[in-house]
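Heads up, the thing below is written out as structure tokens.
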């Protein structure tokens with residue numbers, strides 16, 4: 001299905017995604033160590049997590065104004081070098097305040113990486129095969145859950161909380177050299193000569209394109225529902241379902257092992273049966289673990305791990321056709337800026353959803369979590385909103401641009 005050049009490119013992009021996902025995910029299980037080392041409370045630790053997300057959302061918005069003006073390879077190198085240096089800054093931060101600054105700095109660069117990776121995949125792989133390509137790249141989440149998080153925790157337990165960031169930063173710098181030597185120039189979006197436009201044209205172009213507006217609202221609904229569940233997933237499993245903190249890595253491993261097989265399969269299904277259909281069925285299936293997890297009481301370990309694995313498979317699976325669907329609403333020469341706005345919307349929707357969920361969920365005197373089921377209902381409602389919006393999105397693409405050809409039809413007039 002993919003040529004040798006395409007396989008190398010997808011492998012490198014998946015590794016970049018792996019690095020950024022591990023960098024974000026590792027903060028949660030490091031919470032106890034960081035709170036103890038810096039003598040901070042849960043609210044201050046929450047700022048460490050959210051500083052990355054908010055910085056990523058802002059940088060995604062700002063990057064949209066210039067992302068399509070440069071070779072995508074050079075842009076990828078610039079932001080990944082910044083991400084690597086930011087991660088190393090986290091490793092050497094001596095105080096809470098400097099660590100907070102370093103997390104924000106890392107988020108500025110890391111927040112743009114995802115949109116760049118998706119833009120490169122969309123430029124290099126035709127829409128008809130893009131679901132499979134997205135499935136390959138998104139196995140990075142599986143590998144992060146299976147290898148990245150457990151190994152990072154091992155380093156932290158053996159050598160201190162600094163070590164995972166130090167190791168990840170050094171590996172990322174090495175990967176920058178791999179990008180330089182093995183990723184080809186990505187300049188197809190620059191082939192068409194265009195007149196200089198005012199900087200605000202990026203936003204007005206998207207806003208006046210009804211198809212892209214719907215795509216942004218669609219992705220906001222997908223992320224809002226999902227991240228209403230995510231922040232309290234681990235705490236609820238410990239407080240309500242009876243899982244111990246030592247057993248939490250098993251949840252990530254169970255989900256990661258399953259998704260490493262299901263993600264490429266879902267991608268192939270999306271290419272064969274259509275992105276719309278596969279997303280709708282995936283979203284409907286996701287409602288089951290949403291409801292079960294948010295209502296879960298004391299349960300056997302096998303059942304808890306099973307429903308969590310089902311949650312990772314279904315929620316991750318629907319993101320593959322969703323991302324491929326959204327990527328097909330932009331022309332190659334505008335795709336980088338559009339995907340940066342998509343990334344911004346995703347990050348800010350996730351941050352807003354997490355913040356609202358924090359107001360809904362409360363603690364009981366016995367240490368349990370109350371009202372988590374209400375968050376589940378919110379997630380279900382937004383799932384149906386996303387399904388409705390997905391039916392209103394239309395692809396404007398037809399062919400591959402890897403062969404340096406732009407065979408795309410014009411964007412719809414509204």
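Here, each number is a calculation from the coordinates, and none is a lab measurement. Quick caveat, the model's predicted, so the values are computed rather than measured. Ideal geometry is used to build each Cβ from the backbone, glycine not excepted, and the neighbour counts take in all protein chains shown.
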**Report entry** Normalised contact order of region 15-126, rounded percent, pairs of Cα under 8 Å and 6 or more residues apart
**Finding:** 36 percent
Query - Structure-derived Cα Rg over 2.2 N^0.38 Å - corresponding label in (1) 0.95; (2) 1.12; (3) 1.02 - result: (1)
**Report entry** Relative contact order [Cα under 8 Å, 6+ residues apart], region 247-406, whole percent
**Finding:** 30 percent
Report summary line: The distance between the Cα centres of region 243-258 and region 130-185, in whole Å, is 19 Å
Query raised in the report: Can you give the relative contact order of the chain as a percent, counting alpha carbon pairs under 8 Å and 6+ residues apart?
Result: 26 percent
Query raised in the report: What distance in nm separates the simple spin-label points at residue 366 and residue 128, each placed 7 Å from Cα in the Cβ direction?
Result: 6.0 nm
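Hey, fewest Cβ within 10 Å first, where do 252, 388, 181 land in order? Intermediate values should be presented prior to the final figure.
Values: 252 24, 388 12, 181 6.
The order, fewest Cβ neighbours first, is 181, 388, 252.
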